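Below is one structure, written out as structure tokens; the observations come after it.
Where a number appears in this text, it was derived from the coordinates with a stated rule and is not lab data. Fair warning: this is a prediction, and the values are worked out from it, not measured in the lab. Using ideal geometry, Cβ is built from the backbone for each residue, glycine included, and neighbour counts are taken over all protein chains shown.
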Number of protein chains: 2
Amino acid sequence: MAKNITYSILACFIFIINSITSVQIVEKRELECALSENVRENIANYAQVTNDIIDYFVKGPLKGKTWNSLSEFVDTFGNRLSGTKNLENSIDYMIEKTRENNIKNVYTEEVEVPYWLRGEEYALLMKPRVKNLPMLGLGYSVATPPDGIIANAIVVKSFDELKSLPDAEVANKIVVYDEAYVNYGVTVKYRSKGASEAAKKGAVGALIRSVTPFSMNTPHTGMQSYDANVTKIPVAAITHEDADLLWRLQERGKEIVIKMKMSATLSTKTSRNTIIDTEGTTKKDKVVIVSGHIDSWDVGDGSMDDGGGAFISWMAQIALNQMNLRPKRTLRTILWTAEELGLVGSREYGKRHRNETENLNFVMESDGGVFQPLGLIYSGSKTGECMIKEILKLFSSINATQIQTQGEPGPDIGMWTRDGIPGGGLLNEASKYFWYHHSEGDRLNVMDSDVLDLAAAFWTAFSYIVADIDSDIPRSP
Amino acid sequence: MAKNITYSILACFIFIINSITSVQIVEKRELECALSENVRENIANYAQVTNDIIDYFVKGPLKGKTWNSLSEFVDTFGNRLSGTKNLENSIDYMIEKTRENNIKNVYTEEVEVPYWLRGEEYALLMKPRVKNLPMLGLGYSVATPPDGIIANAIVVKSFDELKSLPDAEVANKIVVYDEAYVNYGVTVKYRSKGASEAAKKGAVGALIRSVTPFSMNTPHTGMQSYDANVTKIPVAAITHEDADLLWRLQERGKEIVIKMKMSATLSTKTSRNTIIDTEGTTKKDKVVIVSGHIDSWDVGDGSMDDGGGAFISWMAQIALNQMNLRPKRTLRTILWTAEELGLVGSREYGKRHRNETENLNFVMESDGGVFQPLGLIYSGSKTGECMIKEILKLFSSINATQIQTQGEPGPDIGMWTRDGIPGGGLLNEASKYFWYHHSEGDRLNVMDSDVLDLAAAFWTAFSYIVADIDSDIPRSP
């Protein structure tokens, strides 16, 4: 499983590097688009239904419904960690809510998922003065011994600095990474590999500066993975403020002693991907997937990561059902499980449905925030790109016409988009996404009802069009 | 003492209402200024020394020194609550550092101060689901019984809503205020009077939505005071996110049960105001005060509130001493103690030095953030205003020429400015001040070294000029 996890993390990071941090870098290259008149006309014919869907969300029966549904959900369950009964209850709730909305075609598929439970954990500065260091253990970290670890700390600014130190200067110490935040994609390596790199030098524990551009003395958790053949040492994220403090103390020649206590346990549980189908009218074997993940980290309430993405994907089914819109292809909403612990739900789906990949026509995931929608992060063929651009023109009334062709659209759909299957992620004004990401700050207050309406309208209309359009979005060769 | 405290809180709030929230409202009214040619010339003659002082901080020997000094201070002591040994140690440290800088005229005056120690405290949502509610008890709150209070909660949006409820609906409950944040001055009444208003209706505890425009699930503490003849009930601040959650749960008809546990104790200790004098050359009995407060709340490290204000006031002495600049009047730096618990240090100073008030020529305090300096918050006579405006022209090279005449310049100097003694506070770009205020987010990371240099330069030069100028800044009649 370790190899798979490493691969998943890597995929996830590539996605995030590209999609989030470059959200403003909308491709400037002009593509020569020679779509046939038929295709253009076919797309143009969706102008009315696009506007109808937008109106239905923005001033019609669904106005405010996405935020209301999300708020009832997160208020009822809070965060939803992979492996917990609470996540399973929240999945049952979504099934029930789907049926209450007169959608019968909802079912689940079981997935074996990791259950990483942090338990009691803390970090304490003991010298030069006693101070609590607010922290969050990183996913898959091992525990400390029951009495914790008390050790001298050594603070470094980078892996290069760590590597340049004699092993004797690091051995038996806690390595503190006080790395600068460049962007998520660049800086997250300290979270994912900080423990292993420290262990290679003989360290007994590692603390990283939380991977975020903004801090209110807030720790941010996330996954990490251990290299093979390296001692697994406990690892946690501390705040910007404290990592910087520790570095200054070291610069002044102070002896730094830290106590780390972690009690994390790892086991396996059964969870479920949740699948809702609107069966296609004339091409029902062809499938368009629209998705988000229902699990979250065990902090905040996961409204942003990925409550918003899951709910706009769910609302697509609710809206089309209420509006009696049934596309030619099957439109499949999937609420992935255990994304945060390594894309576990989507990988299982990929394995189980391997034989149906041929009929997978377009894959969508929103997992980079649901702020003001701007358009689509697209991955796929050039001809497909031309079609997508043409479709996006239909969203000029809400200014969601941009296409970004750099990066992967979504972590859970990466296994397909990397294979040339066309796919899209929600391009949105996500400049503050990492302020809240994986922290107690990921709460419903981050989400705006009107913005959710716009995003859900875009997501619904876009997925409907690609599921209904006459010609498939062509795959990459 | 209660009456005095109430008065102090009020004064402090009036200051903050006016100075912070209206920082952008620089008075537009044009004053007819008919300063004599002598006065104009006298002020203009300070152009060279102003530039010298600015250069000395910005590119000379003191470049970076304010931030460095502040960082060593807060890294050594962390936060400095009134009544703690840590605050007294930090005062001793400042005395020592002053002497190390070859300034001998540093002394302290004892003050009896409150020691409000929060001890163990928490709030727990028990129904409809179990959830920790991050909280901070409010200053002077009483404790709960040792086993805590378990009670139904009732959520209100305002005092008016609370007052409109039958007593029976509030009695024996915990009142949760989910008030909207308008601005600090308007909204802080829920912090200061939330407990008393709830107690009047028979409540057994109160929780307020933290008084801040921005939240990362962060509670913000601060002072409150009990009305006379009202049962003192425990009161704490919870986060925006949780207050809003509780309100939504109530709107959905859920029964809300909360456990509050607080162990706060209140006693009295001895602390000290720290005073550093540069004796005037020709008018040594006349005094200009330049000040900030050295105590802080018991969260974060108090770098912003009020480490920055204290340190730019301290740096004024360091800079003038190094530059051999000695004004005609005595320039007195004061690091107030126990400001946060009700202006306790400054009130004691006022009493003790009552007979010298006649010679108090100008009073300055910085306690509203040390962000980019913009000019001065001025209180005093119209003629004085004309002189201040003329002095501020000298700061055009650093764009700190604005005068704001609304509001009080500083809480600790309010007893004088309200009596017509002219005074000034640092006008600065404080739009994010309340993001961090009284929270764990008030850390050194909020402060910028270059900005501190500019502010310290402004503060030093300005205080030097008003202490050296030929004619006194006239008092209000």
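Tabulated values for the structure
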{"read-out": "Quotient of C-alpha Rg and 2.2 N^0.38 Å, computed over the protein assembly as shown", "value": "1.03"}
{"read-out": "Closest approach to the A/B rotation axis among chain A Cβ atoms, residue and whole-Å value", "value": "A:M216, 2"}
{"read-out": "Average beta-carbon neighbours from other chains, 10 Å sphere, peptide B:241-249", "value": "4"}
{"read-out": "Antiparallel bridge percentage (DSSP; both residues within chain B; nearest 5)", "value": "55 percent"}
{"read-out": "Amide H contacts under 5 Å for B:V155, placed H, 5+ residues apart", "value": "B:V176"}
{"read-out": "Percent antiparallel among DSSP beta bridges (both partners in the protein assembly as shown, rounded to 5)", "value": "55 percent"}
{"read-out": "Cα-Cα over 25 Å, subset of A:K189/A:K269; A:K127/B:K432; A:K173/A:K232; B:K157/B:K193; A:K259/B:K131", "value": "A:K189/A:K269; A:K127/B:K432; A:K259/B:K131"}
{"read-out": "Per-residue HN-Hα couplings for the stretch A:396-403 [Karplus 6.51, -1.76, 1.60; θ = phi - 60°; Hz; x = Gly/Pro]", "value": "5, 5, 10, 6, 10, 10, 7, 10"}
{"read-out": "Inter-copy spacing of B:K283 label points, which lie 7 Å from Cα along Cα→Cβ, given in nm from shortest upward", "value": "8.8"}
{"read-out": "Kirkwood Rh in Å, taken over all unlike Cα pairs in chain B", "value": "22.9 Å"}
{"read-out": "Exam field: A:T270 pseudo-label spacings to other copies (7 Å along Cα-Cβ), nanometres", "value": "7.2"}
{"read-out": "Chain A: relative contact order in percent, alpha carbon pairs under 8 Å with at least 6 residues between", "value": "23 percent"}
{"read-out": "Rel. contact order, % - alpha carbon contacts under 8 angstrom, at least six apart, the stretch B:387-428", "value": "30 percent"}
{"read-out": "Partner lysines for B:K286 [C-alpha distance under 16 Å; skip if fewer than 8 residues away on the same chain]", "value": "B:K328"}
{"read-out": "Set of lysines near B:K104 by C-alpha distance (under 17 Å), chain-local residues within fewer than 8 positions excluded", "value": "B:K284"}
{"read-out": "Relative contact order (%) - the stretch B:119-263, alpha-carbon pairs under 8 angstrom, separation at least six", "value": "39 percent"}
{"read-out": "Orientation-averaged projected area, Cα convex hull of the stretch B:119-263 (nm²)", "value": "7.9 nm²"}
{"read-out": "DSSP beta bridge pairing in the stretch B:119-263, given as percent antiparallel to the nearest 5", "value": "55 percent"}
{"read-out": "Label zone at B:A44, where the point sits 7 Å out along the Cα-to-Cβ direction: the stretch B:388-414 residues whose backbone N lies under 12 Å", "value": "none"}
{"read-out": "In sequence order, calculated HN-Hα J values of the stretch A:165-178 (Karplus, 6.51, -1.76, 1.60; Hz; x Gly/Pro)", "value": "7, x, 3, 4, 7, 10, 3, 6, 9, 9, 8, 10, 8, 9"}
{"read-out": "Nonlocal amide H pairs with A:E429, under 5 Å, H built at 1.01 Å", "value": "A:F371, A:Q372, A:L374"}
{"read-out": "Shielding score for A:33-40, defined as the mean number of other chain Cβ atoms within 10 Å", "value": "0"}
{"read-out": "³J(HN,Hα) computed for each position of the stretch A:39-51 - Karplus, 6.51 cos²θ - 1.76 cosθ + 1.60, integer Hz, glycine/proline x", "value": "5, 4, 5, 4, 5, 4, 5, 8, 4, 5, 5, 4, 5"}
{"read-out": "Per-residue mean of C-beta atoms belonging to partner chains within 10 Å, peptide B:250-256", "value": "1"}
{"read-out": "C-alpha long axis of helix B:240-251 to longest principal axis of chain B, angle in °", "value": "30 degrees"}
{"read-out": "Nonlocal amide H pairs with B:K286, under 5 Å, H built at 1.01 Å", "value": "B:T330"}
{"read-out": "Using a 7 Å Cα-to-Cβ projection, B:E251 label spacings across copies, nm, ascending", "value": "4.7"}
{"read-out": "Rounded tilt (10° steps) of A:65-77 against the dominant C-alpha axis of chain A", "value": "40 degrees"}
{"read-out": "Mean Cβ neighbour count within 10 Å, used as a protection proxy, ranking A:131-141, A:420-430, A:273-283 highest first", "value": "A:420-430, A:131-141, A:273-283"}
{"read-out": "Per DSSP, loop GluC sites (Glu not before Pro) in the stretch A:44-125 with at most 15 further Cβ within 10 Å", "value": "A:E120"}
{"read-out": "Ordering of A:61-67, B:157-163 by packing [mean C-beta count within 10 Å, highest first]", "value": "A:61-67, B:157-163"}
